Every structure is written in C-alpha cells, then in structure tokens.
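The next block holds one structure in the form of structure tokens; read it before the comments.
The values are calculated or read from the model by the stated rules, or taken from the named source; none is laboratory data. Everything numeric here is computed off the predicted structure, so don't read it as measured data. Neighbour counts are summed over all protein chains in view; Cβ atoms, including those assigned to glycine, are modelled from backbone coordinates with ideal geometry. Surface areas here come from the heavy atoms of the whole protein model, side chains and all, with no ligands, DNA or RNA. Shrake-Rupley method; radii C 1.70, N 1.55, O 1.52, S 1.80 Å.
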Amino acid sequence: MSELPFQFSYRWVSTNGSVIDRQWRTLAFPEGGPRTHEETVRLSTYAQTGTLRSQMAVEIRSPFETVSNSVPFSVTCASTTGG
C-alpha cells in the first residue's frame, strides 16, 4: 500500500468470474489511522446438499485496476430432519 492517506474502490469476486459483491465499496485509510482492515463476506448457495468449492479475491478498480491473490474456500450443505 502507498503512504497514508489512501483510498480505493473494491468488490469481492470468485475466480470463476462471478461477482460475489455486486456493489463497489470504498475503503479509506486516513493519515495516522490503522493500516489494516478486516471484513466478513457472506455467501449464499441454492444447493440443499453437497459442497461448493471455489476461490475468492478482491477486485480493485480505483485508483488502479487489479485483482488480488485468491483464497480457496468451500461451503458444505447438508439436509437435516427435525424431530
């Protein structure tokens, strides 16, 4: 990252090309502020059973265009019966 202050626009994408985060977000690092940021990403699937495996990255569009290294993840769905 460059010197503070610094601001960029980003969204979450999967490596298969689908956009996870349709809305572009802005993250700002003010001068004298923290140099890191943690975020939770929520995923949904329509599958009732099985495992979805993919990879996720951050796409940046401003002030430059790039995509971060990707991180693998999996989501496993299992049907349950109530009793």
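Considering only alpha-carbon pairs that sit under 8 angstrom and 6 or more positions apart, the relative contact order computed for the chain is 31 percent.
Charged neighbours of Phe73, selected by a Cβ distance under 13 Å, balance to +2 (K, R count +1; D, E count -1). The packing ranking, built from the mean of other Cβ atoms within 10 Å per residue, places the peptides 32-44, 58-70 in the order 58-70, 32-44, highest first.
When a 1.4 Å probe is rolled over the protein heavy atoms, the share of accessible surface on the chain that falls to carbon and sulfur comes to 47 percent. Using Cβ point charges alone (K and R +1, D and E -1), the dipole size of region 21-62 about the Cα centre works out to roughly 160 debye. Neighbours of Glu59 by Cβ distance under 10 Å: Lys/Arg scored +1, Asp/Glu scored -1, total 0. From largest to smallest, the equivalent ellipsoid semi-axes obtained for the chain from the alpha-carbon gyration tensor read 33, 15, 10 Å.
Accessible surface calculations at 1.4 Å, restricted to protein heavy atoms, place the chain at 79 Å² per residue.
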